[in-house]
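The next block holds one structure in the form of structure tokens; read it before the comments.
The values are calculated or read from the model by the stated rules, or taken from the named source; none is laboratory data. Small disclaimer: the values here were computed from a predicted structure and weren't measured. Neighbour counts are summed over all protein chains in view; Cβ atoms, including those assigned to glycine, are modelled from backbone coordinates with ideal geometry.
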Amino acid sequence: MNDASLIPRRSLHDELVDRLRDMIVAGELAGGDRVDERELCQRFGVSRTPVREALKVLATEGFVTLIPRRGARIAVLSERDLAEAFPIMAVLEALAGELACAAATDAEIARIVALTDEMEAHHRAGRLEPYFDLNQRIHLAIAEAARNPTLWRMQRSLDGQVRRGRYQANISRERWDEAMAEHREIANALGRRDGRRLSHLLRTHLENKSRALLGDLRRDAPAEARDP
């Protein structure tokens, strides 16, 4: 067993939930698949109890479907799920941006701007995976800088759905260029602590992302699989 995969006991529950969530988001655990508890126990070096507790948390977030006496399956993310999640996430991110402009430290703002610079370098080089990783870190950093734990929890509960949608769709280069330009404007507005402008930019950014993802998923899905 690879020791690097083992989870330190100090933060076992949260770490396990986060790792399983990330595996689902990235498609390593695909929608419809049965969850192999034994394999997960071996992979992370834990007993079945924390695995089952983590699955219960993920079930409340919509990632997992628990089946009495039959274990669990990874929930299938539908077009309808995304259509419902994105407008809510757009409102939450808009509020987080407005709050962050008032509550963020100068160091936090500088870090978000630096992450944006790094992300832009990956965009220019066409490196999609590190771009996506930094994109996620930027949105979470803005949410953290808002200093509102309730808002943070609400955003985190929807974040996985949004990320799952991103992994399911192949966004065009044109949309990628637009998204990068939007992120540059977001960083600039945050740097000026322009809460109203940042709120508008974040909401528009999520709305544009939603249209692109849903349009791509509709084109790729077989007719019988599309939501009405």
Quiz prompt | Residue under evaluation residue 67, criteria (1) more than 18 Å from residue 29 (Cα to Cα); (2) free of Cβ contacts under 8 Å to residues at least 12 places away in the same chain; (3) in contact with a Lys or Arg (Cβ under 9 Å, 6 or more places away or on another chain); (4) not acidic (Asp, Glu), criterion not met | solution = (1)
Practice problem: State whether the residues of region 178-195 include one that is touching a Lys or Arg at 6+ places or on another chain (Cβ under 6 Å) and among the aliphatic types (A, V, I, L, M). | Solution: yes
Quiz item: Is it the case that region 135-143 has a residue that's out of contact with any strand residue (DSSP E or B) (no Cβ under 7 Å at 6 or more places or on another chain) and either over 28 Å from residue 11 (Cα atoms) or at pLDDT below 90 (or both)?
Solution: yes
Quiz item: For region 68-93, what are the residues that are touching a Leu at 6+ places or on another chain (Cβ under 7 Å), surrounded by 20 or more Cβ atoms within 10 Å (Cβ to Cβ) and over 29 Å from residue 147 (Cβ atoms)?
Solution: 72, 74
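Residue-by-condition table, conditions (1) over 16 Å from the mean Cα position of the chain (by Cα); (2) among the basic types (Lys, Arg):
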position	(1), (2)
54	yes, no
59	yes, no
63	no, no
69	yes, yes
101	yes, no
109	yes, no
124	yes, yes
Self-check item: Any hit, region 195-217, residues being loosely packed, with under 15 Cβ neighbours inside 10 Å, over 16 Å from residue 99 (Cβ atoms) and modelled with pLDDT under 90
Solution: yes
Exercise. Name every residue in region 8-21 that is touching an Asp or Glu at 6+ places or on another chain (Cβ under 8 Å) and either surrounded by fewer than 16 Cβ atoms within 10 Å (Cβ to Cβ) or assigned to a loop (DSSP other than H, G, I, E, B) (or both), in order of residue number.
Key: 8, 13
Practice problem: Could you grab me the full set of residues in region 179-203 that are over 19 Å from residue 104 (Cα atoms) and either aromatic (Phe, Trp, Tyr) or without any contact (Cβ under 8 Å) to a residue 24 or more places away in the chain (or both)? | Solution: 181
